[in-house]
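The values are calculated or read from the model by the stated rules, or taken from the named source; none is laboratory data. The structure presented is a predicted model; accordingly, all values stated were derived computationally and were not measured. Backbone-built Cβ (ideal geometry, glycine too); neighbour counts: all protein chains shown.
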């Protein structure tokens, strides 16, 4: 779907976030970017979204840039707007009226299990529900590429596991390509078809690990041999990458 | 809920009435003449007796206050939006706003009276003091929109206009309302100060002029009556904007949270 070729990113402060990053993203895969804090994985994600430009190198799109959905680490909702209006935002910015958007918004809320909450305000929701709204907002335009920047890092373990399962179900239903930034080995292996392990200073891909298990995955998968092996592999790669740095 | 209501409203009211009672008692017991310190009952009576004169002046002062406030709101918000669009404009013009703010209005008023007729000068003075809190709060509010949300708008290629309407203005609303509450009080002060400056030049018909005039005639009860009206106006303005904040923010902003849910 896209390739990052020799991408460097140097911030105005002089800090180098990425150095010689090469990464291919395949159509339809679930790719995790795994790495320690400050290794530039979020920077890479922002670049793919077009929110940041590479200092050197290029991002090449196979068939032009598709519709992109972005989910941040926090839910990043507009506190003054209802759940409905928050999910409406991407449609609204394309010029779609409230009435035209209504069916799509309801559908997106149903995807994340929030039917009946359209009129609620963000502050009336729990952290997990806010994140669901955020995901519904990212999905409402049915993006071909979904970018997620540590979306569940601030949530409690139980909510996180639940949302992991829901995300896999969504991925299967919608068939979008997903790039998922995380610093959790277990989360990356559970969710992904491929894990790219980043090393820090400057950030680049140190190792790639394929996770062959097909969807749907469930809690059974967490107990499987394949899962344990992949976690070990990813964990070793991560330690090696951090040792290098 | 009932008990806290009682504590919230009944208690301050009781204390206020007790203070008035004490004042009344002190004046009566010590036989203080009204031209030194009038009793609250006499001030009340003067308020009723002189209502025709005082109410006219009250309207003049209130009209100037609100006209100045409306002008300051329009000017402050517009300039803040302009500042948010361009750093260069902000760099160039913000110092002027600061200079106008830090120069005491009492010092500017006589100069304005030279150039403008009395009513306009009073209006301009009230405008000048009300303008800055709205400008600075609004500028702060516009700049404090969530950066991730700004990124999101950029991702969806929103125009700057849509970003302003859908993101920056709503994000600035709590700051703006805070500024408005300060500006409301300041506009009244600005109007009063300018009226005193203008009144001493023998013109004007606002409440401040009534105070000066009553002072010349040693009509102390009327001075107090006019003062009471000014205080009441200030309190009323504050309450109006507090209520406005509550109505606009109670569903989503933390500042109105306690009372909202």
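Taken residue by residue, segment B:110-130 has at least one member that is farther than 30 Å from residue B:50 by Cβ and surrounded by 20 or more Cβ atoms within 10 Å (Cβ to Cβ). The listed residues are B:181, B:168, and the only one of them that is touching a residue at least 24 places away in the same chain (Cβ under 8 Å), in a helix (DSSP H, G or I) and within 16 Å of the chain's Cα centre (by Cα) turns out to be B:181. Please indicate, with yes or no, whether at least one residue in segment B:64-71 is in contact with a helix residue (DSSP H, G or I) (Cβ under 7 Å, 6 or more places away or on another chain), surrounded by 13 or more Cβ atoms within 10 Å (Cβ to Cβ) and outside any helix (DSSP H, G or I). Taking every residue of segment B:64-71 in turn, none turns out to be in contact with a helix residue (DSSP H, G or I) (Cβ under 7 Å, 6 or more places away or on another chain), surrounded by 13 or more Cβ atoms within 10 Å (Cβ to Cβ) and outside any helix (DSSP H, G or I). Can you spot a residue in segment B:41-56 that is more than 22 Å from residue B:207 (Cβ to Cβ) and assigned to a helix (DSSP H, G or I)? Taking every residue of segment B:41-56 in turn, none turns out to be more than 22 Å from residue B:207 (Cβ to Cβ) and assigned to a helix (DSSP H, G or I).
Name the residue, out of A:222, A:217, A:201, A:194, that is in the same structural domain as residue A:55 (by TED's automatic domain parsing) and either without any contact (Cβ under 8 Å) to a residue 12 or more places away in the chain or on the phi > 0 side of the Ramachandran plot (or both). Walk me through it before giving the result.
Details: A:222 fails: either without any contact (Cβ under 8 Å) to a residue 12 or more places away in the chain or on the phi > 0 side of the Ramachandran plot (or both); A:217 fails: either without any contact (Cβ under 8 Å) to a residue 12 or more places away in the chain or on the phi > 0 side of the Ramachandran plot (or both); A:194 fails: either without any contact (Cβ under 8 Å) to a residue 12 or more places away in the chain or on the phi > 0 side of the Ramachandran plot (or both).
Selected residue: A:201, the only one of A:222, A:217, A:201, A:194 that is in the same structural domain as residue A:55 (by TED's automatic domain parsing) and either without any contact (Cβ under 8 Å) to a residue 12 or more places away in the chain or on the phi > 0 side of the Ramachandran plot (or both).
Return yes when residue B:136 is surrounded by fewer than 16 Cβ atoms within 10 Å (Cβ to Cβ) and modelled with pLDDT of 85 or more and no when it is not. No: the conditions fail for residue B:136.
Go through (1) touching a helix residue (DSSP H, G or I) at 6+ places or on another chain (Cβ under 6 Å); (2) assigned to a helix (DSSP H, G or I) and name the single condition residue B:17 misses. All conditions pass for residue B:17, except number (1). When we screen B:194, B:225, B:198 for residues that are part of a helix (DSSP H, G or I) and modelled with pLDDT of 90 or more, the only hit is B:225.
Of all residues in segment A:113-123, which are free of Cβ contacts under 8 Å to residues at least 40 places away in the same chain and either closer than 18 Å to residue A:165 by Cα or more than 14 Å from every other protein chain (Cβ to nearest Cβ) (or both)? So that I can check it myself, show each step before the final result.
Applying the first criterion (free of Cβ contacts under 8 Å to residues at least 40 places away in the same chain) to segment A:113-123 yields A:114-120.
A:114, A:115, A:116, A:117, A:118 - these are the residues of segment A:113-123 that are free of Cβ contacts under 8 Å to residues at least 40 places away in the same chain and either closer than 18 Å to residue A:165 by Cα or more than 14 Å from every other protein chain (Cβ to nearest Cβ) (or both).
Filtering B:48, B:36, B:27, B:15 for residues that are over 27 Å from the mean Cα position of the chain (by Cα) and exposed (fewer than 13 other Cβ atoms within 10 Å of the Cβ) leaves a single hit, B:36.
Among the residues making up segment B:142-161, a single one is facing chain A (nearest Cβ under 7 Å), surrounded by fewer than 17 Cβ atoms within 10 Å (Cβ to Cβ) and closer than 13 Å to residue A:93 by Cα: B:154. Contact annotation: residue pairs with Cβ atoms under 6 Å, 6 or more positions apart or on different chains, pairing a residue in segment B:234-261 that is at negative phi and within 12 Å of another protein chain (Cβ to nearest Cβ) with a partner that is at pLDDT below 90 and outside any helix (DSSP H, G or I), are B:256/B:250; B:260/B:250. Among the criteria (1) out of contact with any helix residue (DSSP H, G or I) (no Cβ under 7 Å at 6 or more places or on another chain); (2) part of a helix (DSSP H, G or I), the one residue B:33 does not fulfil is (2).
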